[in-house]
1. Counting only C-alpha contacts under 8 Å and six or more residues apart, can you give the relative contact order of region A:2-116 as a whole percent?
2. Dipole of the protein assembly as shown (Lys/Arg Cβ +1, Asp/Glu Cβ -1, origin at the Cα centre): which of B:Gly89, A:Leu65, A:Gly89 lies farthest to the positive side?
3. Compute the convex hull volume of the Cα atoms of region A:40-92, divide it by the residue count, and report the result per residue in Å³ as a whole number.
4. Tell me the Rg and the Dmax, in Å, that the Cα atoms of chain B produce.
5. What dipole magnitude, in Debye to the nearest 20, does the protein assembly as shown give about its Cα centre under +1 on Lys/Arg Cβ and -1 on Asp/Glu Cβ?
6. Over 16 Å, how big is the tail of the calculated P(r) for region A:1-66, in percent of all Cα pairs?
7. What does the protein assembly as shown give for Rg and for Dmax, in Å, if only its C-alpha atoms count?
8. Percent of alpha carbon pairs in chain A separated by more than 26 Å?
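Only the coordinates and a few stated rules stand behind these numbers; no lab work does. These numbers were taken from a predicted model, which means no experiment stands behind them. Cβ sites come from the backbone with ideal geometry, for glycine too, and all protein chains shown count toward neighbours.
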Amino acid sequence: MVIPITLPAGTSAFEAITDHQPGYRRFVESAAIFTAVASTGAGATREFRIIKNASTVVATGTVTLALTATPGAGLSLTVTDANAEFVDGDTFTVDSPAAGAVAFTAGVINLIVNFRSRLQAVS
Amino acid sequence: MPREAGAHGWIFAQEAFAINIPAGTGQVSSILSLPRGFGATITAVKAVTKVVAAGAGGSRVLNVRKGSATGTVVATTTYVLTDGATVGGVKDIPVTLAAADFLDGDNLTIEWAAAGAVAFTAGELTIVITSRKRPQQRN
């Protein structure tokens, strides 16, 4: 799944997706961020995370000005395998915490999340 | 809710489409007749706010259709200004399961209807479509 995200201005906490419920069991296999529109903002840096339910960190990576200066450039997020299983009722959030943030003033990224799942039966 | 199954189960997948909330009140197809090319059933559609919506009283009917801009409505909602008030917010677009089977030749359209529209002036969405399909055989 490809999730386009406009890099937020300022340094406040930010959620690109809040509590989306996929509704079936699956695992986050990998995740990566690629630059769609080159960013600006001197010294800019923001951590992006995939969160399960309220606060379980599934994947994380830090986007910097240098990494997003060129469309197509990107980075792989670090996935914590032990947290990567989503069951039916789990929610999926993409956020960027305030801690450590240095503001971007422009830029768009694509978050690419690869899932794997077993074949499913329908109730 | 789906459950894991044996060899004859379903494959669930999600696709995301970035679209703008169109200005004005005319009919707009954000995606028009996208070929799918394989059989699948849409089970859920969500609209995630990417850029906050603007436009006093903004309200537009958003349809996911099978076929063209006049095709069968698979999922529909009236998207209003408050639905797009917060980046990251998720709005459900209810699916009519009886209409949600796509065959090999069926196309996908995401369309904003003209009827009853009150104009937005800004806003962007990510449409997340969940679908299920059987394992496929290649020709």
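1. Result for region A:2-116 is 49 percent.
2. A:Gly89
3. 96
4. For chain B, the Cα radius of gyration and maximum Cα-Cα distance read 15.7, 52 Å.
5. 420
6. 53
7. Taking only Cα atoms of the protein assembly as shown, I get Rg and Dmax of 18.7, 54 Å.
8. Result: 21 percent of Cα pairs exceed 26 Å.
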